[in-house]
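Notes for the one structure printed next.
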Amino acid sequence: MTSLETRAVVTGRPARTPRRLRRYVPAKRRSWLLTVLLWLCVLYFVLPLWWLLVASTKDTSALFSTFGLWFAPEFSLGDNLVELFTVRGGLFARWLLNTVVYAVVSAVGATVLSAMAGYAFAKYEFPGQKALFSITLGAVMIPLTALALPTYLLFARAGLTDTPWSIIIPSLVSPFGVYLMRVYAADAIPDSLVEAARVDGAGEFRIFWQVGLRLLGPGLVTVFLFSLVGTWNNYFLPLIMLNTSELYPITVGLAQLQSAASAGGGSQAVFSTVITGSFVSILPLVIAFLFLQRYWQSGLGTGGVKG
Amino acid sequence: MSHSPSTSTTTDAVAADRVARPSRVAPQRRRHSLTTRRQHRAAYLFILPFFVIFLTMLVVPLVYAGYLSLFESRLIGGEQFAGLANYARAFADPSFWGGLGRVALFLVIQVPIMLGLALFFALALDTGRARGSRSIRLLIFMPYAVPAVIATLMWGYLYGPDFGPLAQVARGVGWGTPDFLSPGNILGSMMNIVTWEFIGYNMIIMYAALRAIPAELYEAAEIEGAGQFRIAWSIKIPSIRPAILLTVIFSVIGSFQLFNEPSLLNAIAPDAITNSFTPNYYAYNLAFINRELNYAAAIAFLLGLVIAVVSYVVQLGEQRREQRERKGL
């Protein structure tokens, strides 16, 4: 029986899916009122994004002269994109690339570190476990502010400021990720399976790699996506760490473009560039969330329960 | 989850081996302590990478900030030990208190509105009575995927008096041009940006918790004809209290750390946003504009302390309430 279970995992077929209790589904009575009310509320969330989409198809003069929520007669998205990717010698593409690299490397690292630590907290008993976990949980409350400044000074001393490392290394720590992985691993990896693999003679690391990680799927996606968004959206850290504009992520780059635009300087064309840049930069995350929604939502489902 | 033939055959082989020689577990005792020790070592190895970075990125900077805050840099004499002078200065600094006051206002107005709406959406979607629930859920969540910087830039344009659609609509209806960026309105405008961004995130956490409630808990009530409001109030909300608490704590921490919104809106509304609009923005300006690193460290440290205390009080209040309830039962 036990070896059967191990094998089921190795071949990717779930041996024992921890199914939630069946939900009672009342006869599907749809509420007309609730539907209308909710869709009206959705407008509040969607209209600003709709405005962004529409605005990115306008040139600067149309931006000022036409109604914000509808297209101008002239469709200038193409021109705006060309302008965006050629402004300052194509710096925007560089920012986009930097953001992707910082975010993906940090998110992969943070996910692996969280998964290993969370798995250990869930599946082993060892001296100091409670204390270490409490410290991790407490760290969720440490404000970034208290840290960003001294981290900057430490990095300056180590000669790491103004390098990609100054963004990536601090982003690897995800106390909440560890917490989420622990809750998730406790639920998704049956002890009997780990035992079975041990009896089968698998080493601890191999058990984690081949049994644990496979069952942690949705949890991994959740931690990965949220770390990805965390680094992708980070502004404060790169703002203080980086001086070279070639190293900026989009957030800092766009903010800089924007402040140049508001400071005037006659270059009003920059407004449409900032808007198009904003639109382009939110697309990847929106797409990632849409594609992976099944995984991260079920991942959060487990994490949120024991809150 | 790819199928890898090589590993599956090795496990098979091991399994076969085990079946063939079942008496492998002979000297139980010694083996036990040996495996325990081996498992301890494995566990430590698993948590080691995280804790190494955790220590260097969280603990060391925190200690360093505390250390820095005890010094003063003087024109003559350079760095000098100042004891708690920086803290004394912060306590007497109206800029620090002003920022803290604004954040407190933010906390008592914006957080309840945001979490209340998030809870409402989560409960409404959980009943499954609206058409297109899945799409509604995703669309409400979408702003979370927008970086705070972009959201602030975007809302800055939306608020704008010239081509902002809000002003366009208001003018069209004949209300004149509202000034969302005036000193009196800017905090409210900021609350709106943060609310827009984070309702969805909080809703998802609550919704996920709602989905995990075993249906049996309210099946009976529903069959006996209890209304949705009654079920939500008496069964669903109490069941997801831990998830709600989590969102409260995250929101408290988030509010105290407000930085992006003031620092970006400062460019378009310099009159409305002082350099000490929020404590975090103040610490940044002190450190990087005024070059007062030691004082900035003290402000950052104090802010951290305030956050820790407030989060702790929130948690403690919840624990007390829970205990009271348990006694009452």
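The values are calculated or read from the model by the stated rules, or taken from the named source; none is laboratory data. Keep in mind that this is a model prediction, so the values were computed, not measured. Every residue, glycine as well, gets a Cβ built from its backbone with ideal geometry; the counts of neighbours run over all protein chains shown. All accessible areas refer to the heavy atoms of the entire protein, side chains included, with ligands and DNA or RNA removed. Shrake-Rupley method; radii C 1.70, N 1.55, O 1.52, S 1.80 Å.
Brief remarks follow.
- Three principal axis extents describe the C-alpha atoms of region B:94-180; from largest down they are 46, 40, 25 Å.
- Surface analysis of region B:25-129 yields an accessible area of 57 Å² per residue, using protein heavy atoms and a 1.4 Å probe.
- Karplus-based coupling profile of region A:104-119, in residue order and whole Hz: 5, 4, 4, 5, 4, x, 4, 5, 4, 4, 5, 5, 4, 5, x, 4, with θ = phi - 60° in 6.51 cos²θ - 1.76 cosθ + 1.60 and x standing for Gly or Pro.
- Annotation: extensible slack from A:GLU195 through A:VAL82 equals 34.8 nm (criterion: 0.36 nm per residue apart, minus Cα-Cα distance).
- Distance in nm between pseudo-label sites at A:VAL101 and A:ARG206 (7 Å out along the Cβ direction from Cα): 3.7 nm
- If a spin label sat at a point 7 angstrom from the Cα of B:ARG291 along the line to its beta carbon, the backbone N atoms of region B:44-81 nearer than 14 Å would be those of B:73-76, B:78-79.
- Between B:THR177, B:THR247, B:THR56, the residue with the greatest mean-square fluctuation in the GNM of chain B (Cα pairs under 10 Å linked by springs) is B:THR56.
- Region B:83-239 shape via C-alpha gyration tensor axes, a/c threshold 1.5: oblate
- Relative contact order [Cα under 8 Å, 6+ residues apart], region B:182-329, whole percent: 22 percent
- Residue ranking by accessible heavy-atom surface, 1.4 Å probe, largest first, among A:TRP70, B:TRP175 comes out as B:TRP175, A:TRP70.
- R0 of 45 Å, Cβ-Cβ distance A:LYS130-B:ARG74: FRET efficiency to nearest 0.05: 0.45
- Exercise: per-residue mean of other protein chain Cβ atoms within 10 Å, B:299-307: 4
- In nm, spacing of pseudo-spin labels at A:SER31 and B:ARG326 (7 Å Cα→C-beta vector): 3.4 nm
- Whichever aspartates and glutamates have a C-alpha closer than 18 Å to that of B:LYS327, once near sequence neighbours (fewer than 8 apart) are set aside: B:GLU318
- The simple Förster model, with R0 at 41 Å and r as the Cβ-Cβ distance, assigns B:ALA215 and B:LEU48 a FRET efficiency of 0.45.
- Per-residue SASA remark: A:VAL140, around 40 Å² accessible (1.4 Å probe; ligands, DNA and RNA not included).
- Residue of B:ILE109, B:ILE53, B:ILE237 that the Gaussian network model of chain B assigns the largest fluctuation, springs spanning Cα pairs under 10 Å: B:ILE53
- Region B:305-320 residues near the modelled B:ARG241 label - backbone nitrogen below 19 Å, point 7 Å along Cα→Cβ: B:311-320
- Per-residue SASA remark: A:MET141, around 40 Å² accessible (1.4 Å probe; ligands, DNA and RNA not included).
- For region B:90-155 versus region A:84-140, the gap between their alpha-carbon centres in whole angstrom: 24 Å
- Cα gyration tensor shape for the protein assembly as shown, rounded if a/c is under 1.5, else prolate or oblate: prolate
- Helices of chain B meeting both criteria, an alpha-carbon length of 15 angstrom or more along the long axis and an average Kyte-Doolittle score not below -1.0, with helices taken as full DSSP H segments, are B:5-20, B:28-54, B:94-126, B:148-159, B:186-211, B:241-256, B:293-328.
- Residue among A:ALA185, A:VAL112, A:ILE167 farthest towards the positive dipole end of region A:91-202, charges placed on Cβ: A:ILE167
- Choice from B:ARG291, B:ARG134, B:ARG38 showing the highest fluctuation, given a GNM over chain B with Cα pairs closer than 10 Å: B:ARG38
- The length gained on full extension between B:VAL313 and B:ALA92, counted as 0.36 nm times the residue separation minus their Cα-Cα distance, comes to 77.1 nm.
- Taking amide H positions as modeled 1.01 Å from N, with prolines and chain starts lacking one, the residues under 5 Å from B:PHE71 and 5 or more places away or on another chain are B:ALA82.
- Other residues with beta-carbon under 14 Å from the beta-carbon of B:GLY184 carry, at +1 per Lys or Arg and -1 per Asp or Glu, a net charge of -1.
- Counting only protein heavy atoms and using a 1.4 Å probe, the accessible area of A:LEU34 comes to about 40 Å².
- Overall form of chain B per C-alpha gyration tensor (a/c, 1.5; a/b vs b/c): oblate
- Once the gyration tensor of the Cα atoms in region B:45-155 is diagonalised, the equivalent ellipsoid follows with semi-axes of 44, 24, 14 Å, ordered largest first.
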